[in-house]
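Report on the structure given below.
Readers should treat all values here as calculations from the given coordinates under stated rules, not as data from a laboratory. Treat the numbers as computed from the prediction; the structure is a model and nothing was measured. Quick reminder, even Gly has a Cβ in these numbers, built from the backbone with ideal geometry, and neighbours come from all protein chains shown.
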2 protein chains.
Amino acid sequence: MRVVKTIEGIREALSSAQRPVGFIPTMGSLHAGHISLIERARRECATVVVSVFVNPLQFGPTEDFDHYPRDLDTDARKSEEAGTDFLFAPATKELYPAPPRTRVTVSGLTDRLCGASRPGHFDGVATVVNKLLHIVSPDRVYFGLKDAQQLAVIQRMTEDLNLPVRVVPCPTLRESDGLAMSSRNVYLSPEEREQATVLNRALSLATEQVKTGRISRADEAAQLIRETIRTAPQAEIDYVEVLSYPDLERVHEIRDQQVIAATAVRFGNTRLIDNVIWPGKEDS
Amino acid sequence: MRVVKTIEGIREALSSAQRPVGFIPTMGSLHAGHISLIERARRECATVVVSVFVNPLQFGPTEDFDHYPRDLDTDARKSEEAGTDFLFAPATKELYPAPPRTRVTVSGLTDRLCGASRPGHFDGVATVVNKLLHIVSPDRVYFGLKDAQQLAVIQRMTEDLNLPVRVVPCPTLRESDGLAMSSRNVYLSPEEREQATVLNRALSLATEQVKTGRISRADEAAQLIRETIRTAPQAEIDYVEVLSYPDLERVHEIRDQQVIAATAVRFGNTRLIDNVIWPGKEDS
């Protein structure tokens with residue numbers, strides 16, 4: 001595996017790379033979820049590129065940009081073990097040599113769920129992904145379904161802007177007790193860590209009720225999830241929503257279309273997200 | 001020359017094309033200015049692609065989208081004569097199958113000059129050029145300096161988003177009496193057509209005064225241009241501005257940096273633009 005720090009360097013390295021090129025953009029702090037994306041790209045592509053870049057554009061002024069965990073040596077070791085050919089790890093100045101004036105925005109999808117409490121976040125994501133896709137020019141780009149709203153935004157952006165890349169959604173990986181893997185899990189105290197399992201339990205319970213038909217309405221499902229999460233004394237709910245997916249519009253009956261049940265919950269200073277997608281009619 | 005109407009078709013046609021690929025995006029109604037861009041691409045590139053697409057996203061609700069001149073047969077003939085290999089002429093539905101949610105915006109540069117009276121115009125330009133660059137994947141893209149603000153926006157966008165393309169600025173072509181070539185010149189009545197030469201005369205007069213040192217301040221140059229244009233009785237000035245180029249910031253002394261003297265003037269219902277760029281210190 002080669003570690004490349006410059007735009008020119010990665011372009012040159014990839015100019016003679018075998019196609020298809022698979023790409024996994026990350027903010028580092030690689031966990032088993034990221035590794036599963038790399039391993040999938042390894043199975044499907046001749047060349048695998050991972051980027052590690054903590055993107056300032058997608059952090060709000062009061063968010064954890066400065067304290068976001070960074071450990072390039074560990075990320076490099078894990079990437080290499082998972083089969084990465086090129087690790088692209090540019091400095092902030094390499095991607096933003098001057099304050100950028102250009103933004104890629106996706107309206108509608110970005111003002112709800114995480115977008116409501118993180119204004120500008122998804123513009124920052126869409127913009128940096130646009131840049132990275134121009135730099136790496138991959139055939140396939142891999143994203144985890146844990147960040148389902150991010151995935152919907154990226155899919156919509158690549159379609160609207162005719163980006164010549166296939167977006168590959170990958171399932172959420174979970175710890176043995178069901179907690180969705182996240183780079184932010186390391187922030188949790190032991191007690192918060194234990195209570196955080198309530199997200200997956202709440203979503204699983206609702207899934208069961210929907211499958212058996214005991215719950216059919218979006219608001220009932222959201223209510224059940226909310227009540228279950230509230231059983232964890234330290235959980236502070238940011239949102240629980242059941243919306244169409246990937247359009248993220250209000251729905252009434254769950255079975256009429258594919259929907260997402262999505263939640264964001266704070267434990268102390270740490271904000272965790274999780275979701276489940278229900279396929280609608282195909283499921284019945 | 002091949003005329004291609006679909007995204008898939010042009011991608012397939014270009015997948016085996018010889019590099020470098022030169023690209024001239026247009027809204028059709030090709031005049032000698034466009035032809036000069038095509039001929040330059042022909043000299044510099046192995047493959048030349050011209051697009052003809054009247055982009056609804058860059059027209060305001062009261063602007064001339066419906067009446068913008070369209071004549072694909074004539075455009076095809078002229079493109080072929082100038083040496084085009086592929087003419088990409090998609091229908092509106094091909095580029096916008098659904099209302100697009102994604103916009104590419106360039107802040108700062110786009111709220112002044114033409115952007116002040118045409119809100120959203122340059123977002124529409126930046127967005128469609130981003131799409132076309134993703135579809136055609138050219139090595140070089142050619143733009144005329146007549147639309148100097150558009151050129152500045154595109155240059156800034158390609159830099160900020162790391163688009164792997166070289167933007168090639170090309171000089172404005174003029175009629176024998178100095179009027180800058182434009183697809184909108186056909187709207188002018190004979191009397192308006194005669195008076196419209198005042199734009200180039202005003203800019204040339206100011207250029208002379210700047211060169212000889214009789215004018216050194218931006219506001220003096222703008223004033224001279226304004227007064228000269230006002231000698232044409234039907235001219236209604238939208239703006240006359242002398243700004244830094246390509247950053248389009250206010251300047252005091254002309255010689256301190258490269259500046260643009262830019263103007264937009266209405267004759268009846270037709271709005272014409274013209275400009276001249278003064279290179280600053282290199283000129284002295």
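Before moving on, here are some points about what is shown:
- Segment A:133-284: Rg to Rh, with Rh as the Kirkwood radius over Cα pairs: 1.00
- Counting only lysines at least 8 places from B:K131 when in the same chain, those with an alpha carbon closer than 30 Å to its own are A:K5, A:K93, A:K131, A:K146, B:K5, B:K78, B:K93, B:K146.
- Residues B:S79, B:S189, B:S29, B:S176, sorted so that the one with the fewest Cβ neighbours within 10 Å comes first: B:S176, B:S189, B:S29, B:S79
- Put a plus charge on the Cβ of each Lys and Arg, a minus charge on the Cβ of each Asp and Glu, and nothing anywhere else: the dipole of segment A:90-136 about its Cα centre is then about 60 debye.
- D by Stokes-Einstein for segment B:1-134, Kirkwood Rh over Cα pairs, 20 °C, 1.002 mPa s: 136 µm²/s.
- Between 0 and 90°, nearest 10: helix A:72-82 axis offset from chain A longest Cα axis: 80 degrees
- Computed on chain A, with alpha-carbon pairs under 8 angstrom and 6+ residues apart, the relative contact order is 16 percent.
- Mean ellipticity per residue at 222 nm, deg cm²/dmol - from DSSP H runs of n ≥ 4 across chain A, formula -39500 (n - 2.57): -10500 deg cm²/dmol
- Neighbour counts of other Cβ atoms within 10 Å put A:R19, A:R174 in the fewest-to-most order A:R19, A:R174.
- Counting neighbouring beta carbons within 10 Å and listing from fewest to most, the residues B:M157, B:M181 come out as B:M181, B:M157.
- A DSSP coil position with no more than 16 other Cβ atoms inside 10 Å describes the following trypsin sites (Lys or Arg not before Pro) in segment A:1-70: A:K5, A:R70.
- Using a Förster distance of 45 Å, the FRET efficiency for A:D73-A:R250 (Cβ separation, nearest 0.05): 0.45
- Within the protein assembly as shown, antiparallel bridges make up roughly 55 percent of the DSSP beta bridges whose residues both belong there.
- Student exercise, the protein assembly as shown dipole from Lys, Arg, Asp, Glu Cβ charges, in Debye to nearest 20: 600 debye
- Gyration tensor over alpha-carbon atoms, segment B:51-101, equivalent ellipsoid semi-axes in Å: 24, 15, 8
- Label-point distances for B:R266 to the equivalent site in the other copies, using a point 7 angstrom along Cα→C-beta, read 5.2 nm when ranked shortest first.
- For chain B, the Cα gyration tensor yields ellipsoid semi-axes of 32, 21, 19 Å (square root of five times each eigenvalue, largest first, whole Å).
- Helix axis angle, A:32-44 relative to chain A longest principal axis, alpha carbon, degrees: 60 degrees
- Chain B: angle of helix B:198-211 to the longest principal axis, Cα-based, in degrees nearest 10: 60 degrees
- On the principal axes of its alpha-carbon atoms, the protein assembly as shown has extents of 79, 47, 44 Å, going from largest to smallest.
- Remark: segment A:183-278 carries a charge dipole of roughly 160 debye about the Cα centre, counting +1 on each Lys and Arg Cβ and -1 on each Asp and Glu Cβ.
- Comparing A:Y68, A:T158, A:V106 along the charge dipole axis of chain A, the residue lying farthest to the positive side is A:T158, per the Cβ-charge model.
- DSSP bridge pairs, chain A: antiparallel proportion in percent, nearest 5: 50 percent
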